[in-house]
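J.: Please see the structure below; I have some questions.
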Amino acid sequence: MTYAPVQTYVPICDLNTNITHTKVVGVIIGKSDSRGFPDRKNVGSERFTFSFTVKDSPEHFINVSAWGTGEYIQGLSSRFQIGDCVVIENPLVVTKDYEKEERFCPSTPSTYRLLVTETHSSIRICSDLETEARILPLFHIPIKDPRDFYSLGDITANGQSLDGHIINILAALQSVGEEKFFSKSDGRKGQRLEIKLFDDTGTSFPLVCWDKETIRLVQTLTQKETVLFIADARITFDSFRSCMIATATSKTIITVNPETAEANQLYTCIRELLEAGGLDDQDILSGDDVPLDSISDVLTVNQLKARSQEHADVFHCITYGFITSLDLSSSISKVIRNKCAKCKFRISEEIQTCSNDACPNQGQQLQATKGFDLLLDISDHTGTLQSCNLAGTMAEKTLGCKTEAFLCLSESERTILQWKFLLERCKIYLKVLPSPKSRSGMRARILSCALADPVEVKQNLASSVV
């Protein structure tokens, strides 16, 4: 087998508008969805486009735009994805429009961009193994200074002063949520996916992804084992959740497992955090912000157990069941838990410092928070779902009692509160997630629980298939 020599490729740093018959090779570090625009020259028809960013050295990368018919653009875009090494043959080298590029495309050091057309250009996966071996490692080198980033703790500390800012983030992937689909005002389909980030200063920080290509990338990543350098993420204040969130935009480039000293140091920290169990509680807590009106699947206990065994993904559902186990009258320590305010690691009354070795507050005076942490059994005519978690504000809403008020109740008053729900049929919204450590292979968290309307129960049970 013969390979094309490296010299046949024009380095990105040498590109200029006078070069013709150019051949550029690089790894795709970012890619946008294809979209259509009205064709000004042919009224009633559309032109289609998509763009991507390629890199051929640690310092040099360039944006590429492809234009053509819907069939050509859809076909071309489907042939490669982020992380692939591609060869671009005979693109047009044009001087970039700085205003448009800065608003809608990743920032690049090149003064040019490449234009690919159906009649003159081609793009293919690189088959030169020697070139591929040289190019692919560039995928793991961030496009920004690896020391120029915010930790999650920094973002939280700065709060709304960062609202609307574009920043870089270095963090690890904690969890990947469910992809949600919707219709836009113009009738086109849209999608949204939220991932949660964590580092040694914070957990469960939301990053929202709207683009199909970005969503496809994060869905392939391994949770709790992947470090991300997120260049040019937009930070905003989410008034509904009263917290800061990050959004991946058309300018954002996500570098997976960066080859930097800072990323290696973070990876060491998160391994220590995981070994200490610092994220055990956060796994089940992440995703609690899913709107209840978006949850529509009604399942029996048997059906949701079967779904959890068939699929390894997190899912949400509604079940109509009886609360067959709920203990509010036993020791307070079994109902109310103390947690470290920094890392959310469970602590006991006797310990005055956090026992999590990887806690960012290690060695300092303990800052603890108190909250409900209950385990309930839910039963229906098909079986019993044991040890469902009901905690925090969800428990307060369900019981109609704040943590502080509960601590003042007598044992008999706690028993009365307990029997308001025990052996009663309830409408329960659940988040179900895989858990290899548990005997059943799954865990469930209650997102909402209220006494059920008998008519509603009859209608839903009549339509369900056991």
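J.: With every protein chain left in place, what is the accessible area of Y320 in Å² (1.4 Å probe, nearest 10)?
T.: Its accessible surface works out to 10 Å², give or take rounding.
J.: I would also like to ask the following. Length gain on complete extension for the stretch R216 to Y72, per 0.36 nm per residue less the alpha carbon to alpha carbon distance? Intermediate results must be reported in sequence, preceding the final value.
T.: Working: separation 144, 0.36 × 144 = 51.84 nm, distance 2.12 nm.
So the chain would gain 49.7 nm between R216 and Y72.
J.: I've got another one for you. Taking every pair of alpha-carbon atoms in the chain, what share in percent sits in each 20 Å bin, from 0 to the bin with the longest distance?
T.: 21, 46, 26, 7, 0
J.: Here's a follow-up. Hey, any idea what % of segment 80-156's accessible area is carbon plus sulfur with a 1.4 Å probe?
T.: Of the solvent-accessible surface of segment 80-156, carbon and sulfur hold 54 percent.
J.: How big is segment 151-200 along each principal axis, measuring the range of its Cα positions in Å and listing the largest first?
T.: Each principal axis gives a Cα extent; for segment 151-200 these are 40, 25, 14 Å.
J.: Give, as a single signed number, the net charge of other residues whose beta carbon lies under 12 Å from the beta carbon of K402, with Lys and Arg counted +1 and Asp and Glu -1.
T.: On the way: positive: K370, K397; negative: E396, E404.
Here the charged neighbours net out to 0.
J.: How long is the gain from E225 to E102 if the chain were fully straight, where each residue apart is worth 0.36 nm and the alpha carbon distance is subtracted?
T.: Stretched fully, the E225-E102 segment lengthens by 41.0 nm.
J.: Could you compute how much accessible surface R124 exposes when probed at 1.4 Å, giving the result in Å² to the nearest 10?
T.: Solvent-accessible area, nearest 10 Å²: 90 Å².
J.: What is the Å³ per residue value for the convex hull set by the Cα atoms of segment 92-251?
T.: Measuring per residue, one finds 177 Å³ for the Cα hull of segment 92-251.
J.: Which length gain, in nm to one decimal place, applies between N16 and K189 when the Cα-Cα distance is subtracted from 0.36 nm times their residue separation?
T.: Net length gain for the segment: 58.4 nm.
J.: Please report, in whole Å, how far the alpha carbons of segment 189-266 spread along each principal axis, starting with the longest.
T.: Extents along the principal axes, in whole Å: 37, 28, 21.
J.: Dividing the alpha-carbon radius of gyration of segment 68-180 by 2.2 N^0.38 Å (N being the number of residues), what value is obtained?
T.: Here the Cα radius of gyration is 1.40 times the empirical estimate.
J.: What is the sum of charges, Lys and Arg at +1 and Asp and Glu at -1, for the other residues whose Cβ falls under 12 Å from the Cβ of K420?
T.: Local net charge: -1.
J.: Sticking with this one: Can you compute the modelled spin-label distance between C269 and L129, with each label point 7 Å from Cα toward Cβ, in nm?
T.: Output for this residue pair reads 4.1 nm.
J.: Excluding ligands and nucleic acids, what accessible area in Å² is computed for F181 using a 1.4 Å probe, to the nearest 10?
T.: 150 Å²
J.: Order T255, T393 by their accessible area, 1.4 angstrom probe, all chains in place, largest first.
T.: The residues order as T393, T255, largest area first.
J.: State to the nearest 20 debye the size of the charge dipole of the chain about its Cα centre, where the only charges are +1 on K and R beta carbons and -1 on D and E beta carbons.
T.: It works out to roughly 820 debye.
J.: Taking a 1.4 Å probe, which of K180, K431 shows the most accessible area, and what order do the others take after it?
T.: Reading off the accessible areas and sorting them downward yields K180, K431.
The values are calculated or read from the model by the stated rules, or taken from the named source; none is laboratory data. Bear in mind the structure is a predicted one, so any value in this text is a computation, not a measurement. With ideal geometry, Cβ positions are generated from the backbone for all residues, glycine too; neighbour counts draw on all protein chains shown. Accessible surface is based on the protein model in full, side chains and every heavy atom, while ligands, DNA and RNA are left aside. Shrake-Rupley method; radii C 1.70, N 1.55, O 1.52, S 1.80 Å.
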